[in-house]
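Nothing in this text is a laboratory measurement; each read-out follows from the coordinates by a stated rule. From a predicted model like this one, the values you see are computed outputs, not experimental measurements. Note that each Cβ is placed from the backbone with ideal geometry, even for glycine, and that neighbours are counted across all protein chains shown.
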Amino acid sequence: MTQTYSRLRAGLGALAHKPYIWGVLGIVALLIVNVTRDPGYLQISVNPANGYLAGNLLDILRESAPIVMISVGMCLVVATSGIDLSVGSVMAVSGAVAMEFLQAASAPQSTMSAAMALLLALTVSSLLGLVNGVLVAYVRLQPFITTLITMLAGRGLAKVITGGQNTSASSDGLAWIANGRVLGFPVVVIIAIALALLIGYLVRRSALGMMIEAIGINETASRMAGIKPHGLLITVYLLSGLLAGVAGVFSTATVMTVDVSNTGYLLELDAILAVVIGGTALSGGKFSLGGAVVGALLITTLDKTVVFLGVPSAATPAFKAVVIIVICLAQSSRVRALFRDRRGPVRMKERVA
């Protein structure tokens, strides 16, 4: 019995050292709060008319898809000891390109037009990511300054593309990506999960992940070990731009309208926060894509909880900040060590007694 307890305690202790576990616990705690107020909050129903699944959990998953995409790209960039502040603006550019193309197309409802709009949007967003990568890798500009410039320029580019106006279009193909279902499950969630799993498989089943971590730990030492950082830096920034483009299409296709001032606005901060909650240090090095996904789900769940509880808009930032600070403190090894040290003398007294 003692051995079983010791093993269980050791297992829980090892699990507690994984930062993303605290994100999972945060999601569970928020859902419990919501269930306490509404016992049917987690209920999933089936619409008999079309067979679609419906429920708050599916809403959280669907709304988290854009944040998941930019968080995965951000995670790889941060692992190289970089940062990408431009993902929100790239989302706006991607949506603007797609909507403007469809508005000008002679047959916007055709599958070919939807495919061309998607391809053009992702191409432009990838080029913006490529620009970031080249400036960081070859020009040696600081990632913060480089992506800050792209953030400002990207938002301006989106306004130039749309003439400063919100642009709407009609396309059943793009609308299906954001609002359609496969076996009753949202298509956008399936795409987000598939892309996250694919990228995770590529970086963890090859030397790519190890080389990215090596660059983040010490770029000079990695170069001396035979790793060529230039190509890897360009790759991660290009991939971040591409995933931001996917997120932009997700966001605009939901209502088939791009709001050049609000599409992707400040989502780069949510992405950075999701990466940190997932256990990736901003100083670079070891990263966790799964943790970034958990962080994105936590942020979306928190946003939905704020609305569900009716928290006043003026108090919303403070409410979110408190929840996130609690989770970050729970992740801190120093905080956990402090509590262990405080409990230590009590346990010794109990044993002596």
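Counting only trypsin sites (Lys or Arg not before Pro) that DSSP places in a loop and that have at most 12 other Cβ atoms within 10 Å, the longest clean stretch of the chain runs over 206-353.
Which shape class, rounded, prolate or oblate, goes with the chain when its Cα gyration tensor gives a ≥ b ≥ c as root eigenvalues, a/c under 1.5 marks rounded, and past that a/b bigger than b/c marks prolate? Display every interim value, and only then the final one.
On the way: a/c = 2.07, a/b = 1.32, b/c = 1.57.
Oblate shape, in that a/c is at least 1.5 and b/c is the bigger or equal ratio.
Between A221 and S110, the distance separating the two model label sites (each 7 Å from Cα on the Cα→Cβ line) works out to 5.7 nm.
Between the stretch 207-225 and the stretch 158-188, what is the separation of their alpha carbon centroids in Å? Here the two parts' Cα centres lie 39 Å apart.
Between I149 and L208, the FRET efficiency estimated from the beta carbon spacing at R0 = 41 angstrom works out to 0.90.
Here the simple spin-label model places points 7 Å from the Cα toward Cβ, and for S313 and A194 these points are separated by 3.8 nm.
Which of rounded, prolate, oblate describes the stretch 237-326, given a ≥ b ≥ c as roots of the alpha-carbon gyration tensor eigenvalues and a/c under 1.5 marking rounded, otherwise prolate only if a/b is larger than b/c?
Values: a/c = 2.11, a/b = 1.04, b/c = 2.02.
Judged from the Cα gyration tensor, the stretch 237-326 comes out oblate (a/c at least 1.5, b/c at or above a/b).
Shape call for the stretch 105-204 from the C-alpha gyration tensor, a ≥ b ≥ c root eigenvalues: rounded (a/c under 1.5), prolate (a/b greater than b/c) or oblate?
On the way: a/c = 2.56, a/b = 1.31, b/c = 1.95.
It comes out oblate by the Cα gyration axes.
Once the chain from K18 to T257 is taken as fully extended at 0.36 nm per residue, the excess over their C-alpha distance is 82.0 nm. The Cα center of the stretch 21-73 and the Cα center of the stretch 264-285 differ in position by 21 Å. Our analysis of the stretch 28-69 gives Rg over Rh at 1.05, with the two radii drawn from alpha carbon positions and Rh computed by the Kirkwood formula. Rounded to the nearest 20 debye, the dipole magnitude of the stretch 13-162 is 240 debye, with +1 charges on Lys and Arg beta carbons, -1 on Asp and Glu beta carbons, and the Cα centre as origin. Taking a straight line from the alpha carbon of K286, these aspartates and glutamates sit under 18 Å away, with near neighbours fewer than eight places off in the same chain left out: D84, E213, E219. Here the spin labels are modelled as points 7 Å beyond Cα on the Cα-Cβ line, and at V28 and L269 they lie 3.0 nm apart.
Charge dipole of the chain (Cα centre as origin; +1 on each Lys and Arg Cβ, -1 on each Asp and Glu Cβ, all else neutral): 1640 debye, rounded to the nearest 20.
Which net charge results when you count Lys and Arg as +1 and Asp and Glu as -1 among the other residues whose beta-carbon is under 15 Å from that of S240?
-3
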